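Working notes, beginning with the structure itself.
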Amino acid sequence: MLQFRAEPIPDVGVGLVGLGRRGTEAVSRLPKVPGCHLAAVCDVRPEAAAAASGVSAYTDYRALCEDPAVDLVYICTDWGHHVPIALYAMDCGKHVAIEVPSAQTLDECWALVKASERTRRHCTILENCCYDSFELTALEMARRGAFGQLVHAEGAYHHNLENRWGPDNMGWRLELNRSQRGDLYPTHGLGPVCQALGIHRGDRLATLVSMDTAPFNGPRFLREQTGSEPAGFQNGDLTMTMIRTQKGRTILLQHDVMTPRPYDRGYQLVGTAGFAQKYPSERVCLSADGAERVYEGDELASLLPGYRSPILTPSIEALSKTVGGHDGMDFLMDYRVIYCLNHGLPLDMDVYDLAEWCCVTELSRISLENGSRPVEVPDFTSGAWNIIDGFSYAL
Ligand SMILES: NC(=O)c1ccc[n+]([C@@H]2O[C@H](COP(=O)([O-])OP(=O)(O)OC[C@H]3O[C@@H](n4cnc5c(N)ncnc54)[C@H](O)[C@@H]3O)[C@@H](O)[C@H]2O)c1
């Protein structure tokens, strides 16, 4: 499925499964994305499905997947339902796009890879953080060699969810933190840096090691919700994972949804001749002729337009600002999936990206449960990770 091209679909019929918080946002966004239309929606809650007007509405995802008007099944359910729906959709001949994290276990990652290869259907991950304006620009700088050779990168999901947990609001996600150790949400941090490092495009994730804190705030949140003492809360407040690539580069990945640290995706690229950092404030450092120059504020604002991402045409950038969704990155993500399907082009993120970014959840748990021992990362491309030279967009 590397660089896979499917038959062009001039007007993509989207079938959206999961009309919760995220799915409802997508329902209002997708009709504004050129080249597609919302063909059908589905939710197990009949009242949610019934609220959709003007499109077919289902309570059984199998009926949506079998609907001939649907070309792309867009999955926004809770994590436990992503993979069965995606597998069924691909068997029905549909392309699939899955919210993050698309898969939670190694078996799920392999199942999606094998299904995509067998059915020759796209199976992409809806990783919106790859379309943030700073990450897009830094990726372009990396692609053009502005940082020299990248040697290290960092990514994170620091997002205090204390006020969001609740029985009717992401209770399932707190329950997963209660029952399982590991980096449960690795892809916002890992996706953008894997693109910059060209993972499975000349390098591959080889080994990881994880370490976590004890659970401190997690059990307290659960106690406050349920009124009783939670037995055996598993996940630490903070999980750190270090990954070494086949070519000897490193990634530091962090997960913290429990402490009052301000929102931060930790994004950093470190190269032999430069550095980029998004948080707490954006800055770039470039070295030339033995001297380093740090770009911040106005200087950074004049440097970055020289590295504008090739996917950001002026009209698409303007539309992303109007439609929005996390400052436009949600729109850009949808736009790129649909544009590539319209033109029969390879998608920006293939099923191997999905598997590499998502497998960290189970691999970090295995490392943690074995005293932080190193764990091998599978090669989901089965030996083809070195065929393509670097990340690129199909335009
Ligand atoms: N990329 C981002 O920035 C971002 C932000 C928020 C959430 N998310 C992801 O989006 C997904 C959804 O999150 P949410 O907060 O909207 O969850 P949610 O619990 O609000 O919504 C999930 C919906 O899926 C429905 N559902 C569950 N199983 C189903 C099935 N088998 N068939 C049909 N419908 C089913 C539920 O009834 C519910 O309406 C998660 O994967 C989450 O991690 C991503």
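Here, each number is a calculation from the coordinates, and none is a lab measurement. Quick caveat: nothing in here was measured; it's all calculated off a predicted structure. Here Cβ is always computed from backbone atoms with ideal geometry, including for glycine, and neighbour counts include all displayed protein chains.
Just a few scattered comments:
- Reachable lysines from Lys321, criterion Cα separation under 17 angstrom, eight or more residues apart if same chain: Lys32
- The chain - Rg over Rh from alpha carbon coordinates, Kirkwood radius: 0.96
- Here the Debye sum runs over all C-alpha atoms of region 131-260 as equal scatterers in vacuum, and log10 of I(q)/I(0) at q = 0.11, 0.16, 0.22 Å⁻¹ comes out as -0.47, -0.82, -1.19.
- Amide H within-cut-off set for Tyr58, under 5 Å, with H built and near neighbours excluded: Val41, Cys42, Asp43
- Residues Thr119, Thr250, Thr124, sorted so that the one with the fewest Cβ neighbours within 10 Å comes first: Thr250, Thr119, Thr124
- Region 246-290 - charge dipole about Cα centre, Lys and Arg +1 at Cβ, Asp and Glu -1, debye rounded to 20: 140
- Ascending count of other beta-carbon atoms within 10 Å, so fewest first, for Ser56, Ser382, Ser210: Ser382, Ser56, Ser210
- The chain: calculated mean residue ellipticity at 222 nm from DSSP helix runs of at least 4, using -39500 (n - 2.57): -10000 deg cm²/dmol
- For the chain, the Cβ-based charge dipole about the Cα centre amounts to some 340 debye (Lys, Arg positive; Asp, Glu negative; other atoms uncharged).
- Listed from fewest to most Cβ neighbours within 10 Å, the set Val284, Val17 follows the order Val284, Val17.
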